[in-house]
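The values are calculated or read from the model by the stated rules, or taken from the named source; none is laboratory data. Predicted, not measured: the structure shown is a model, and the values here were computed from it. Here the Cβ is made from the backbone with ideal geometry for all residues, glycine too, and neighbour counts use every protein chain on show. Note: areas computed on protein heavy atoms with side chains; ligands, DNA, RNA excluded. Shrake-Rupley method; radii C 1.70, N 1.55, O 1.52, S 1.80 Å.
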Amino acid sequence: MTKNIAVVLAGGVGKRLGNALPKQFLEIAGKMVIEHAVDAFEQNTHIDEIAIVSNALYLSKMEEIVQKNGWKKVKKILQGGKERYDSSLSAINVYQEEDVNLVFHDAARPLVSQRIIDDVTEALHHYDAATVAMSSADTIIEVDGDFIKDIPDRSRLRRVQTPQAFKISTIRQAYDIALKDPQFKVTDDCGVVKRYLPGTPIFVALGEESNMKLTYQEDTRLLEMFIQMRQTT
């Protein structure tokens, strides 16, 4: 069986949150954000191994967190880079000689559910790439400056989340092509596959509102509310 490697991306500095430490170290409901995220993959039966990608300044802190939690599946702590894709590449390069699936997840999404992890990993039995997304309740507009340029059909639009999962041969090939493009600019790993391997189907699993990304200070209250809801159900 091909191993599923969860790659928890914790290389950000969290400037928008306004804290001294990056948001992955913020404590919510008694645990750090990174602890919530890694716990989810540690508990999932489809995940065989975990690699954490950290900002270079916090590698020793991450090692302390791993030791404190006693996670059995965490085998590697990798150094990220300046851009988000540098963190993805760090894991791709480490595992490039192995036949594995890579399941990339933002550490800033601490409440990923077991059902979501199950869905994206099981999708790789049939597809080379998978992501998670939510329908939009709001009308989305395209603007040109301060004016509406277009109003796309909302029924076809989704809000992308993580994890995003790939057969390593697919994501490695997509990045090999992308890094030769002087205009390369992308915000997530599915974007790399979609742009540089356009013939590759990307399965979309259903996301959840609780799988939100911690970006601003007020988001902490929402995350705490979701945790309380889980504890009472």
Exercise for review: From SER169, SER155, grab the single residue that is of a type in the set (Gly, Ala, Ser), farther than 20 Å from ASN211 by Cα and surrounded by 11 or more Cβ atoms within 10 Å (Cβ to Cβ).
Suggested key: SER169
Revision key, fill the gap. Contact list, first residue from the range 1-21 and closer than 22 Å to PRO163 by Cα, second anywhere and at pLDDT 95 or above and of a type in the set (Lys, Arg), beta-carbon distance below 8 Å, six or more apart or interchain, is THR2/LYS167; ALA6/LYS73
**Study point:** Selection status of VAL74, buried (at least 17 other Cβ atoms within 10 Å of the Cβ), at pLDDT 95 or above and closer than 21 Å to GLN161 by Cβ
**Key:** no
Review point. Looking at ASP119, is it part of a helix (DSSP H, G or I), of a type in the set (D, E, K, R) and modelled with pLDDT under 95?
Key: no
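Which residue, of LYS61, LYS68, LYS75, is farther than 27 Å from ARG159 by Cα, free of Cβ contacts under 8 Å to residues at least 40 places away in the same chain and part of a strand (DSSP E or B)?
Working: LYS61 fails: part of a strand (DSSP E or B); LYS68 fails: part of a strand (DSSP E or B).
One residue alone meets the criteria, LYS75.
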Study note, to complete from the structure: Subset of the range 184-199, residues open to solvent by 40 Å² or more (accessible area, probe 1.4 Å) and among the charged types (D, E, K, R), comes to LYS185, LYS194, ARG195
Revision key, fill the gap. Here the qualifying pairs (Cβ atoms under 9 Å; residues six or more apart or on different chains; first in the range 182-196 and free of Cβ contacts under 8 Å to residues at least 40 places away in the same chain; second in a helix (DSSP H, G or I) and open to solvent by 100 Å² or more (accessible area, probe 1.4 Å)) come out as PHE184/ARG195
Practice item. Within the range 81-103, identify whether any single residue is open to solvent by less than 20 Å² (accessible area, probe 1.4 Å), closer than 20 Å to GLU35 by Cβ, part of a strand (DSSP E or B) and modelled with pLDDT of 95 or more, and answer yes or no. Key: yes
Review point. Which condition number does LYS149 fail, the rest of (1) farther than 14 Å from ILE5 by Cα; (2) within 19 Å of the chain's Cα centre (by Cα) being met?
Key: (2)
Practice item. Please enumerate the residues belonging to the range 159-206 that are modelled with pLDDT under 95 and either of a type in the set (Asp, Glu) or part of a helix (DSSP H, G or I) (or both). Key: ASP188
Point to revise | Single residue of THR162, THR170, THR187, THR200 found to be among the polar types (S, T, N, Q) and out of contact with any Asp or Glu (no Cβ under 7 Å at 6 or more places or on another chain) | key: THR187
